[in-house]
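Asker: Shown below is the structure under consideration.
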Amino acid sequence: MAEKAKKNPRVAMPEQDPQVRARNFLEVPTGYTPKMAQEEAARCLQCKKPACVAGCPVEVDIPGFIDLISQGDITAAIRNLWTKNALPAVCGRVCPQEIQCEGKCIVGKKGEPVAIGNLERFCADYERENGTGELPPKAEATGKKVAVVGSGPSGLTVAGDLILKGHDVTILEAFHKPGGVLVYGIPEFRLPKDIVAQEVNFLERLGVKLECNAVVGRTVSLDELFEEGYDAIYVGVGAGLPRFMNLPGENLVGILSANEYLTRANLMKAYKFPEVDTPIPMGKNVVVLGAGNVAMDAARTAMRLGAENVRVVYRRSREEMPARQAEIHHAEEEGIEMYLLTNPTQYLGNEKGRLTGMECLKMELGEPDDSGRRRPVPIEGSEFHLECDLCIVAVGSGANPLLTSETPDMKLNQWGYVMTEEHSGKTTKKGVWAGGDIVTGAATVILAMGAGREAANSIHDYLTLGW
Amino acid sequence: MFKIVRREEMAEGTVILNEIEAPAIAKKALPGQFVILKAGEDGERIPLTMAYTDKDNGTITIIYMVVGKSTELFKELQVGDSFTDVIGPLGKATHLEKLGKVICVGGGTGVAVLHPITRAMKEIGNDVTCIIGARTKDLLILEEQMTEASHDLRVCTDDGSYGHHGFVTDVMKEVLEQGDVKQVVAIGPVPMMKAVSNITKEFNVPTLVSLNPIMVDGTGMCGGCRVSVAGETKFACVDGPEFDGHQVDYDELMLRLQAYLEDEKKCHNDYCTIRDAQ
Ligand SMILES: Cc1cc2nc3c(=O)[nH]c(=O)nc-3n(C[C@H](O)[C@H](O)[C@H](O)COP(=O)(O)OP(=O)(O)OC[C@H]3O[C@@H](n4cnc5c(N)ncnc54)[C@H](O)[C@@H]3O)c2cc1C
Ligand SMILES: Cc1cc2nc3c(=O)[nH]c(=O)nc-3n(C[C@H](O)[C@H](O)[C@H](O)COP(=O)(O)OP(=O)(O)OC[C@H]3O[C@@H](n4cnc5c(N)ncnc54)[C@H](O)[C@@H]3O)c2cc1C
Ligand code: SF4
Ligand code: SF4
Ligand code: FES
């Protein structure tokens, strides 16, 4: 098997050298050339029943767009992608391909799967740099008004779909800049902000109106939006509620949620402080709690801000780390240490209320728990101290109640997420749909977009046929 | 963009008033709520309480003390200039109730934050004694407005240059001793709120304070504004900014407010040096 893999290796995407990139904010993989893309496209077997498509939550026509790359028609390839996926430049970069499309690719059974994500990214980047920028045709105006609350990937998808169907669309965003997690969470070195800005600009050129600084639930309520004349509302406000671990000492100076740390770094560009006005704590010895994408992003950001060492502390083992493999690999290359099977028990501070370290326990894997993963159990007497002056807590997020608590007729589940009808995204409140992280809990960009597309179809039906 | 339609300097230019066009916010704002403002593309998001709102003209008014780089930048904005972003209304509104005798205590720019609450307390029929203080006479703000907003205004200065010579807490104690006080509202520097709360606890008078931790989003998504109240962690931007003064961990708040002190100082100094050189 290994022999075969060697014979037909995947075309590697060039990357910045780990030593160099660990101290800058430029994107890590630098992209395929057209020649590389064609070479990689040639590895696809053009399966009749493509397993890869079944692995993609929005069923991108993978063999179809790859075939067009092989033929050298990138313009057609990107148009093929757009029919299923409004943000290929984003998904090509951030989808967990190894458990989705690429994880199912037949070539992967005997070697490395086709680099579907890389090819998707290539098409989108090529179009951005060389395309005509021509707008797709828009249906005749229907005179119906739709409000999209939240400008993350799910909201952007809904806005894009509905404007093309002829509706009048306005996005309301709480932050001063649109893009949701794509701008405030995922760092520049993984997803350049210009790309997100350009996607938003594309929607604006299509006629989507954008109102930033609009905190729905505070500045305006859903009912007031209906009074203002909106016919339908999509709620895509994400899962913006940071979780902490409730350990002693958690409010010491130097302990931040990943949301705060990444928002300072990305949205407020604090990595350029004092050139910009928002500061960010510069840790020397940094600990990041958690092992998902958010944790990897926080750890790699801390390294780039000049940390001497960055440690990821996670209570389970490597196999259970939820982050994309590529991110774990990149993080390790950049010098980030993984303290696996380790659980923090308390924070330690000095008389100035500043963090100086934390106490941790070693864990071992016991019997499987409800999730089917082996439960980590503490090893008695294994306490040890970890010196640190900055700790970033990335142990997940919950449903932010700001909007939902002001909307009592929209039913929530026991965890505070919005309840919706399957495949349509309809909520229990008439004329209101919801999707993305505020429905599923923190998930992925592509799932949030998939939910947006389903809701957009359902909203269109409603606006043309009725509830 | 959010245009400044009126600007005043108070307390020898250390305190600035801006009336800003923000019709959507003015329409919804209630006493006790705040906004987050940002000037310029790379500006910081700064929380400030709305001292007045004018629904008819669609404006809100902020009164702030110039303490660091961002407020220094705000100070430069003139009538006709605009804030890039204004977000709100944020935070919970003050819980207003007709109780009887109420004392409102304010120090520094806390007086600006206290003003709309005091006025509302009076409007719903409370008997309001207001005590405001400043280090010295020239730093006192809103005396006239506070006179109007309350039934009885007492003024204190630390140096005795005006009104009672001493702290607001001395005067408050006198009023408390007369009895019958149903509630105290205290807004000002953290040490002042702490001192007030310690005294009112002895008198068993419920006390409301307004906390001003460092904030980023103001919508409950970052947790930077966490404060300990009754041993529990709360997010001041959504659970507050007002809390039961007897339950707040003031010492923790003071330490947390200093998180970026060194950075901010440097940033501010660099800015002033460059500005003055120009
Ligand atoms: C650091 C980080 C890294 C990640 N990495 C990956 C990755 O590599 N791959 C991947 O697939 N997924 C990743 N994810 C997850 C992914 O980003 C999310 O699942 C996705 O963004 C959810 O999209 P959404 O549209 O539902 O919400 P969001 O992207 O969260 O957008 C919601 C928007 O709504 C706005 N909003 C909230 N409340 C209000 C209100 N009351 N009024 C108006 N606007 C409001 C918010 O400000 C925000 O802009 C990551 C997440 C984070 C935080
Ligand atoms: C809900 C709320 C309402 C407020 N209302 C008023 C008001 O009406 N009038 C007024 O004068 N001040 C008010 N403040 C305080 C005001 O926000 C700070 O003085 C201001 O942010 C200082 O910014 P700076 O850059 O000029 O100073 P900096 O040099 O940044 O800091 C000076 C001090 O201000 C505090 N501070 C810094 N950044 C922030 C931030 N983002 N959020 C909160 N505090 C910060 C820190 O404790 C710091 O030590 C309020 C704060 C909050 C949280
Ligand atoms: S959208 Fe994501 S999962 Fe689907 S094909 Fe593209 S990279 Fe794969
Ligand atoms: S499964 Fe792999 S080889 Fe087959 S069509 Fe999909 S990408 Fe190509
Ligand atoms: S300011 Fe971010 S949670 Fe309060």
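Asker: Checking the a/c ratio against 1.5 first, then a/b against b/c, what shape does the Cα gyration tensor give for chain B?
Answerer: Values: a/c = 1.44, a/b = 1.41, b/c = 1.02.
Rounded, because the longest to shortest axis ratio a/c is under 1.5.
Asker: Name the residue farthest towards the positive end of the dipole of the protein assembly as shown from the options B:M146, A:V310, A:G131, assuming +1 on Cβ of Lys and Arg, -1 on Cβ of Asp and Glu, about the Cα centre.
Answerer: Result: A:G131.
Asker: Give me the one-decimal Kirkwood hydrodynamic radius in Å for region A:1-100, with the sum taken over alpha-carbon pairs.
Answerer: Computed over Cα pairs of region A:1-100, the Kirkwood hydrodynamic radius comes out at 15.2 Å.
Asker: Taking the Cβ of each residue in A:L361, A:L465 as the centre, tally the other Cβ atoms inside 10 Å and list the residues starting with the fewest. Walk me through the numbers on the way to the answer.
Answerer: Numbers: A:L361 19, A:L465 7.
Ascending number of Cβ neighbours within 10 Å: A:L465, A:L361.
Asker: Could you tell me which of rounded, prolate or oblate describes region B:154-278, using a ≥ b ≥ c as the square roots of the eigenvalues of the alpha-carbon gyration tensor, with rounded for a/c under 1.5 and, failing that, prolate when a/b is larger than b/c and oblate otherwise?
Answerer: oblate
Asker: Relative to the Cα centre, what is the charge dipole magnitude of chain A, using +1 at the beta carbon of each Lys and Arg, -1 at the beta carbon of each Asp and Glu, and rounding to the nearest 20 debye? It would help to have the intermediate numbers written out before the result.
Answerer: Values: 51 positive and 62 negative charges, 154 e Å.
Here the size comes out at about 740 debye.
Asker: Write down the Å³ per residue value for the convex hull defined by the alpha carbon atoms of chain A.
Answerer: Residue-normalised Cα hull volume stands at 167 Å³.
Asker: Past the 25 Å Cα-Cα mark, which pairs from A:K138/B:K27; A:K165/A:K430; A:K84/A:K193?
Answerer: A:K138/B:K27
Asker: Let me ask something else about it. Just want the ordering: A:I255, A:I78, from fewest to most Cβ atoms lying within 10 Å of their own Cβ.
Answerer: Details: A:I255 27, A:I78 23.
Ascending Cβ contact count within 10 Å gives the list A:I78, A:I255.
Asker: Here is a follow-up. Taking K and R as +1 and D and E as -1, what net charge do the other residues with C-beta under 14 Å from the C-beta of A:E211 add up to?
Answerer: -2
Asker: Follow-up question, since we're still on this one. At R0 = 45 Å, how high is the FRET efficiency between B:E148 and A:M282 if r is their beta carbon distance? Nearest 0.05 is fine.
Answerer: 0.40
Asker: About the Cα centre of chain B, how large is the charge dipole given +1 on each Lys and Arg Cβ and -1 on each Asp and Glu Cβ? Please answer in debye to the nearest 20.
Answerer: 520 debye
Asker: Follow-up. Among A:V149, B:V238, rank each residue by its count of other Cβ atoms within 10 Å, from fewest to most, as a rough exposure measure.
Answerer: Starting with the residue having the fewest Cβ neighbours, the order is B:V238, A:V149.
Asker: Taking A:K362 as the anchor, which aspartates and glutamates have their alpha carbon closer than 14 Å to its alpha carbon, excluding any fewer than eight residues away along the same chain?
Answerer: Excluding near neighbours in sequence, the set is A:E380, A:E383.
Asker: When only Cα pairs under 8 Å and 6 or more residues apart are kept, what is the percent relative contact order across region B:101-257?
Answerer: Once normalised by length, the contact order is 19 percent.
Asker: Treat region B:108-150 as a sphere of radius equal to its Kirkwood radius over Cα pairs and apply Stokes-Einstein at 25 °C in a medium of 0.890 mPa s; give the translational diffusion coefficient in µm²/s, rounded to a whole number. Intermediate values should be presented prior to the final figure.
Answerer: Working: Rh = 10.6 Å.
In µm²/s, the coefficient is 232.
Asker: Hydropathy first: keep DSSP H helices in chain A averaging at least 1.0 on Kyte-Doolittle, then drop any whose Cα extent along the axis falls short of 15 Å, and list what survives.
Answerer: Helices meeting the span and hydropathy rule in chain A are A:153-164.
Asker: If you don't mind, another one. Report the residues of region A:51-74 in range of a label on A:R373: point 7 Å along Cα→C-beta, backbone N strictly under 18 Å from it.
Answerer: So the set is empty, nothing qualifies.
Asker: OK, next. Report the FRET efficiency, 1/(1 + (r/R0)^6), for A:E59 and A:W467, where r is their Cβ-Cβ distance and R0 is 30 Å, rounded to 0.05.
Answerer: Calculated value: 0.65.
Asker: For A:D223 paired with B:N57, estimate the spin-label separation in nm (one decimal), with each label point 7 Å from Cα along the Cα-to-Cβ line.
Answerer: Computed distance between label sites A:D223 and B:N57 equals 3.1 nm.
Asker: Same structure, new question: Obtain the radius of gyration and the Kirkwood radius of region B:2-90 from its C-alpha atoms and give Rg over Rh.
Answerer: Details: Rg = 11.8 Å, Rh = 12.7 Å.
My calculation of the ratio gives 0.93.
Asker: Go ahead and run the numbers for FRET between A:K272 and A:E351, Cβ-Cβ distance against an R0 of 51 Å, rounding to 0.05.
Answerer: According to the calculation, E is roughly 0.95.
Asker: While we're on this one: Which entries in the list B:K122/B:K182; A:K144/B:K55; A:K7/A:K104 go over 24 Å, if you measure between the two C-alpha atoms of each?
Answerer: Result: A:K144/B:K55 exceed 24 Å.
Asker: Another question, then. Which angle between 0 and 90 degrees, to the nearest 10, do you get for helix B:261-277 versus the longest principal axis of chain B when only C-alpha atoms count?
Answerer: 50 degrees
Asker: With a cut-off of 20 Å, note down the residues of region B:60-98 whose backbone N falls inside the zone around a label point 7 Å from the Cα of B:K182 toward its beta carbon.
Answerer: Counting only backbone N, you get B:93-98.
Asker: May I pose another question? Restrict the search to region B:1-64; then list the trypsin sites (Lys or Arg not before Pro) that DSSP places in a loop and that have at most 15 other Cβ atoms within 10 Å of their Cβ. Show your work: numbers first, answer last.
Answerer: Values: sites: B:K3, B:R6, B:R7, B:K27, B:K28, B:K38, B:R45, B:K55; in loops: B:R45, B:K55.
Passing sites in region B:1-64 are B:K55.
Rule-based calculations on the coordinates, nothing more; no lab input. This is a predicted model, so every value here is computed, not measured. Using ideal geometry, Cβ is built from the backbone for each residue, glycine included, and neighbour counts are taken over all protein chains shown.
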